[in-house]
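S.K.: Quick one: structure below, then a few questions.
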Amino acid sequence: MADRVTVIGWDGSPLTAAARSALAAATLVAGAAHHLALPEVPPAAERIRLGSVDLAARRIAGHRGTAVVLADGDPGFFGVVRTLRAPEHGLEVEVVPAVTSVAAAFARAGMPWDDARIVVAHQRTLRRAVNVCRAHPKVAVLTSPGAGPAELALLLDGVHRTFVICEELGTDREQVTVLTSDKAADHAWRDPNVVIVIGGSAGAPPGGWLMGQETPAVRGWALPPDEPTGARGGSGEDRTLRAAQLARLGPRVGDLVWDIGCGSGALSVEAARFGAAVIAVDADPQACARTEAAARRQGVQLQAVRGRAPHVLERLPEPDVVRIGGGGVPVVIACTDRRPERIVAHASTRDEAEAIGAALADGGYTVECALLQSVGLDPDDWSERDRTTVFLLAGRRSTSA
């Protein structure tokens, strides 16, 4: 019974001596159709078309002989190695790597990629992959059938990006196409492909020490008013409230945040600094402009949508978390109908807080309510500079709902 498998990466280049030697001794070879057609595959070897890696691993584990798996690119980079190494298969894995398809795609585009986000898109994760493309200026998407360039473009509706689409890298049918995202849905694309998604403000260049997104230029969060993202204004813009809202929302990479009634844009920008995609909504065009300006100053991506909630929300993509900065119970109900994981809101009076809390509970959310009081003091004489009192309401989607 086989307890060892050699996994060979293939990038279209001639196979290495180690790869040829492993193939020559193979009695079972698994791979895609173009892998199994390679002249180095022994004619007498059993051949398995690689669809489900789990099924192939079980076949390999029960095989009496020497097994080899062929896979595109580097099989240890979002590839088959993780599945083959699962404890239930009991396989020892040896890897002969090749150039990753992501590295090959960026090489074809003539671009560096140490500052890129890399995501895998299949039908289950497509929405989260799109959110990463909304939030970051350079993303490489490893696609799959049903979650390819056309589907990415359709879900990015309203957000302008440039696509570099690399089809069938390393084969005779390789093709690289550059076009804007609004045109990508009009074409049929061949699998496998890698999509490089470029757009928006990239902010400051990375320091060359960290893969992916650079750390924020300004340290901390819930920034004070003297920072570029700091808020000024009414109780809804209070730093203490903003910190509490962000803590309960927990925005993260792959999330889409709705900030309804974005005001100064402080919360929108801070959510984007956590790596989340953000749609900032406000009926006031000046609020939208302030939010976009704050995002540019901080080098983050977001989309500002002018419109009055709840009606404008009908055309927005599904959110993961929502901050409601105004609109009362009708907006709360419209948000609970979309079933985000978490919702936060605030109220100035107890009656308003009770109404919002009831609407969250009726929508299937477990409700937390707190009365926050923030008093600003002058450190010179400890006199009171300002005082804010506000009700914070946070809803967490109930599992039973």
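The values are calculated or read from the model by the stated rules, or taken from the named source; none is laboratory data. Computed from a predicted model, the values in this text were never measured in an experiment. Here the Cβ is made from the backbone with ideal geometry for all residues, glycine too, and neighbour counts use every protein chain on show. The protein model used for the area step is the full one, side chains on, heavy atoms only, and it has no ligands, DNA or RNA in it. Shrake-Rupley method; radii C 1.70, N 1.55, O 1.52, S 1.80 Å.
S.K.: Just give me the residues in region 1-56 being within 19 Å of G90 (Cβ to Cβ), touching a residue at least 60 places away in the same chain (Cβ under 8 Å) and in contact with a helix residue (DSSP H, G or I) (Cβ under 9 Å, 6 or more places away or on another chain), in sequence order.
M.R.: Within region 1-56, M1, A2, D3, V5, T6, V7 qualify.
S.K.: Let me ask something else about it. If you take just the helices (runs of 4 or more DSSP H) that sit entirely in region 12-113, which of them hold at least 2 residues that are over 30 Å from I198 (Cβ atoms)?
M.R.: In region 12-113, the matching helices (runs of 4 or more DSSP H) lie at 17-24, 33-36, 53-61, 81-84.
S.K.: Here's something else I'd like to know. Out of S383, S374, S348, I need the residue that is without any contact (Cβ under 8 Å) to a residue 24 or more places away in the chain and of a type in the set (S, T, N, Q). Which one?
M.R.: Details: S374 fails: without any contact (Cβ under 8 Å) to a residue 24 or more places away in the chain; S348 fails: without any contact (Cβ under 8 Å) to a residue 24 or more places away in the chain.
None of the other options fit; the residue is S383.
S.K.: Within region 30-69, how many residues are under 30 Å from R108 (Cα atoms) and hydrophobic (A, V, I, L, M, F, W, C)? Can you show your working first?
M.R.: Applying the first criterion (under 30 Å from R108 (Cα atoms)) to region 30-69 yields 30-41, 49-53, 68-69.
Restricting the remaining residues to those that are hydrophobic (A, V, I, L, M, F, W, C) gives 30, 32-33, 36-38, 41, 50, 53, 68-69.
Selection size over region 30-69: 11.
S.K.: Can you give me the number of residues within region 1-17 that are open to solvent by 20 Å² or more (accessible area, probe 1.4 Å), more than 18 Å from D72 (Cβ to Cβ) and of a type in the set (G, A, S)?
M.R.: 1
S.K.: Quick one: how many residues across region 129-169 are open to solvent by 20 Å² or more (accessible area, probe 1.4 Å), closer than 22 Å to G73 by Cβ and either touching a strand residue (DSSP E or B) at 6+ places or on another chain (Cβ under 9 Å) or not in a loop (DSSP other than H, G, I, E, B) (or both)?
M.R.: Residues in region 129-169 being open to solvent by 20 Å² or more (accessible area, probe 1.4 Å), closer than 22 Å to G73 by Cβ and either touching a strand residue (DSSP E or B) at 6+ places or on another chain (Cβ under 9 Å) or not in a loop (DSSP other than H, G, I, E, B) (or both): 7 in total.
S.K.: Could you identify the single residue in L28, L36, L55 that is of a type in the set (A, V, I, L, M, F, W, C) and at pLDDT below 95?
M.R.: Details: L28 fails: at pLDDT below 95; L36 fails: at pLDDT below 95.
The unique qualifying residue is L55.
S.K.: Return yes when V390 is of a type in the set (A, V, I, L, M), touching a strand residue (DSSP E or B) at 6+ places or on another chain (Cβ under 9 Å), farther than 19 Å from V159 by Cβ and not in a loop (DSSP other than H, G, I, E, B) and no when it is not.
M.R.: Against the criterion (of a type in the set (A, V, I, L, M), touching a strand residue (DSSP E or B) at 6+ places or on another chain (Cβ under 9 Å), farther than 19 Å from V159 by Cβ and not in a loop (DSSP other than H, G, I, E, B)), V390 qualifies.
S.K.: Collect the residues in region 188-202 that are exposed (fewer than 15 other Cβ atoms within 10 Å of the Cβ) and in contact (Cβ under 8 Å) with a residue 24 or more places away in the chain, keeping them in residue-number order.
M.R.: Within region 188-202, A188, D191, S201 meet the criteria.
S.K.: Tally the residues that are surrounded by 19 or more Cβ atoms within 10 Å (Cβ to Cβ) and not in a loop (DSSP other than H, G, I, E, B), restricting the search to region 308-339.
M.R.: 10
S.K.: Please work out which residue is least open to solvent (accessible area, probe 1.4 Å), limiting yourself to region 261-302 and to residues that are charged (D, E, K, R) and over 19 Å from the mean Cα position of the chain (by Cα).
M.R.: Residues of region 261-302 charged (D, E, K, R): 270, 273, 282, 284, 290, 292, 296-297.
Remaining after also requiring over 19 Å from the mean Cα position of the chain (by Cα): 282, 284, 290, 292, 296-297.
Numbers: D282: 26, D284: 58, R290: 110, E292: 77, R296: 156, R297: 143 Å².
Residue satisfying both the conditions and the ranking: D282.
S.K.: If you scan region 340-375, which residues turn out to be under 20 Å from D255 (Cβ atoms), open to solvent by 50 Å² or more (accessible area, probe 1.4 Å) and among the β-branched types (V, I, T)?
M.R.: The answer is T366, and nothing else.
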